[in-house]
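Notes follow once the structure below has been shown.
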Amino acid sequence: MKIFSPGQFSRHLLSIIPAELTAMREGLKIVAKGIQKTAKSEISHYQKSVGAFPAWAPLAESTVSQKESLGYSPPDNPLLRTGEYRDSIEYEVGALEAVIGSKLQKAAWFEFGTSKMPMRPVIGPAAFRNKKKIQKTLGIAVVSGFYQNGNRIHESLGYDFETQGE
C-alpha cells in the first residue's frame, strides 16, 4: 500500500480527473442508449403504472375510429401512427449529463398530457425501468475511472462489469 502526503494525494486526485470524466461519459452513453431503447419499445403498447407514473388510459373511441378510417392498422396502438414520434427519440451525452427525449412538440403533449388528452409518459417510465442498470453502470464508471479502468475493483463489491458496452 502506498502512503501519500496530503499534497501527493491532491496531485494524484487531479491526475485521475481525465480518466474519471471519460469513464463517466462512457457510462452515461450506455444508460442513455438503454433508456432510449426502452422508451421506443414502450410506444404502441399500453403501459402499466410504474413509480410515480400512471398507467396509460385507453385511446378514445373517436381516436381509434379516426385511425381506422385513415388506414392505420391496428388502430388501437397508443402513440403510434407513422412511427415519427418513436423514431424521434434520441439522446445526447455531455461531460456529466445525458438528455434523452424527442424534439417534436407533440412529445411533451404525450408525456404530460393536455386538456383533451391524458398523459402517456414514455421517457420518465423508461428511466425508472432502467433504474438498477443506471445505478450499476454509473457505479462501475465512477469506480473504474477512479482506479483508471477498474483494475483494482474487488469482485466482492458486486461490480462484474456485465453492463459495460451494452
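No lab work stands behind these numbers, since they all come straight from the coordinates. On a predicted model such as this, the values are computed, not experimentally measured, just so you know. Here the Cβ is made from the backbone with ideal geometry for all residues, glycine too, and neighbour counts use every protein chain on show.
When you filter the trypsin sites (Lys or Arg not before Pro) in region 1-39 for DSSP loop state and at most 11 other Cβ atoms inside 10 Å of their Cβ, you are left with Lys2. Straight-line cross-link partners of Lys48 among the lysines, defined as a Cα under 16 Å from its Cα and at least 8 positions apart when in the same chain: Lys40. Computed on region 31-129, with alpha-carbon pairs under 8 angstrom and 6+ residues apart, the relative contact order is 35 percent. The angle between the Cα long axis of helix 6-42 and the longest principal axis of the Cα atoms of the chain comes to about 20 degrees, rounded to the nearest 10. The mean sequence distance of close C-alpha pairs (under 8 Å, at least 6 residues apart), as a share of the length of the chain, puts its relative contact order at 33 percent.
The packing ranking of peptides 40-47, 59-66, 121-128, highest mean first, is 121-128, 40-47, 59-66, where packing means the average number of other beta carbon atoms within 10 angstrom of each residue.
Electrostatic bookkeeping for Pro75 treats Lys and Arg as +1 and Asp and Glu as -1; over the other residues with beta carbon under 15 Å from its beta carbon, the sum is -1. When +1 charges are put on Lys and Arg Cβ atoms and -1 charges on Asp and Glu Cβ atoms, the dipole computed for region 31-129 relative to its Cα centre reaches about 100 debye.
For region 1-17 versus region 50-110, the spacing of their alpha-carbon centroids is 49 Å. By how many degrees, between 0 and 90 and to the nearest 10, does the Cα long axis of helix 131-146 differ from the longest principal axis of the chain? Helix 131-146 and the main axis of the chain meet at about 30 degrees.
Given the choices [x] 1.04; [y] 1.15; [z] 1.12, Rg/Rh (Cα atoms, Kirkwood Rh) derived from the coordinates of this structure is entry [y].
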